[in-house]
1. Any idea what % of Cα-Cα pairs in region 259-390 are farther than 18 Å?
2. Suppose we keep just the DSSP beta bridges with both residues in the chain; what percent of those would be antiparallel, to 5?
3. Among 150, 139, which comes first, second and so on when ranked by fewest other beta-carbon atoms within 10 Å?
4. From the square roots a ≥ b ≥ c of the eigenvalues of the alpha-carbon gyration tensor of region 60-166, which class results: rounded (a/c under 1.5), prolate (a/b over b/c), or oblate?
5. Given a cut-off of under 8 Å on Cα pairs at least six residues apart, what relative contact order in percent is computed for region 109-175?
6. What angle, in degrees between 0 and 90 and rounded to the nearest 10, separates the Cα long axis of helix 518-528 from the longest principal axis of the Cα atoms of the chain?
7. Want the number for residue 148 to residue 612: 0.36 nm per residue separation, take away the alpha-carbon distance, what's left?
8. Which of 425, 406 has the fewest other C-beta atoms within 10 Å, and how do the rest follow up to the most?
């Protein structure tokens, strides 16, 4: 339908500018396709991707020359995610779990169409860790020996037999394997902001610690000749930078730094190029360097494009680019270094959506209650104007320690298209803004981070086109917790709350984290609190479930029945407690989802009901939801 909306920007005392905005349905927004991956096949004529155009993710193959796309897997129940093609064959590896339980296995799709589970076992989680140098075997991690810890295995591609090459009994994480298979890059989480980093020599069993000072450390792999090990760290700095470590001498050299976090870095197959990803104020900045000269490689500009990721082929002749914006879905492009040709391989945006009716994100900042500057990503509806005030939502990311970033999110664009301003608050404790900011909410969740969200609401109220009396809060996972914290601990601040897979009882959640999180358990306890100690008092006090009687305003809760992180009982109990006080609650339970959505039909159902709920309880009032 067309909404003729007066978007009154005063031209002079007698004139106003009128803009017509088309409001799209939830089905139209979820006709968009989501694509990821992009592994090159053996002869670099095709790439493997995952796409949800069938309703859930399946594996597809794209012919680089023609752009022709072929569906490879045909699941209608579980999502399948492409890993890679097996060298010298037409066989494919993909990953899948069951119903969102996060116990992923690695599967082999054979040339005859049959499949084999390469990492079987109940309650087993496994993941691909790369190929051997000769491509005759693969590495993978698995917790089949002990559900708490991930060991590293090598699987022969001829008979698909495995051998353990590293037994993990100390809650370690193997992040890199040298080309000669002798040295492992290993990390250990100390807190959510501090790690230890080691090199382990498999021959002499010697362990060398690289992390000589406290800080965050992350592996960036080995040089081709295994002379150097690369890693990022923020030691003695606010932001992470890239370091080269000489394995023989122990010498360290900073090879790249800037005034934002280096998120990752890696070398192309023969070290012709170095790729560096930078988290620059909530946006991606990707640099490709000539590895010999350090000179930046220029590649074609894609209008309005934000490059989310790259992958360079083994021959180093081709580069896969994943490109998107805040108002356009990600697409995959191919760039040929020799011919300088750039080709778009996917077209993921539903053609029914006119980009002129969608909005670009804006990075904003506001001062919180104590003067700390809080960043946020802001989406202003096109029809918003002082003479046409709109309701608004504070959006809170997952985590803790996550970050709202500039990028396309169908739900946000859907709600903004229907007249809701959205401020995605990167409250203190969010990543990407330096280690001081990141640590600011440690052992303080539900307090200062919540106040940052409330002061985000105040920023919204200062905008003359926002209806000051119609502001809600919503988020998923940790953001769902923040939503429920707002509705229980600051019940007069937000008119509605939308909790998507959110924590409501920290005591239970921290005691029931999945077994394979064992290596991260103590780090999580140091940030949030240990439920088995005196911290349990504070955790009780910040858990919305035990304060549900404070809730005054309507709430919507979305929950996956198979969620291994936030158990269904969390949502069951908070809904029951709030309903005791006759507060309107809408509860939407998905029997075939885990911690987040994988299926389009569920997104359409859940997020369509979110708009109905908001239209009823934030924009206006009609028949109440029966408690």
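1. Value for region 259-390: 65 percent of Cα pairs lie more than 18 Å apart.
2. 85 percent
3. Going from least to most buried by this count: 139, 150.
4. The shape class here is oblate.
5. 21 percent
6. That helix lies at roughly 40 degrees to the long axis.
7. 162.8 nm
8. On the way: 425 32, 406 19.
Exposure proxy ranking, most exposed first: 406, 425.
Rule-based calculations on the coordinates, nothing more; no lab input. Not measured: the values here are computed from a predicted model. Cβ sites come from the backbone with ideal geometry, for glycine too, and all protein chains shown count toward neighbours.
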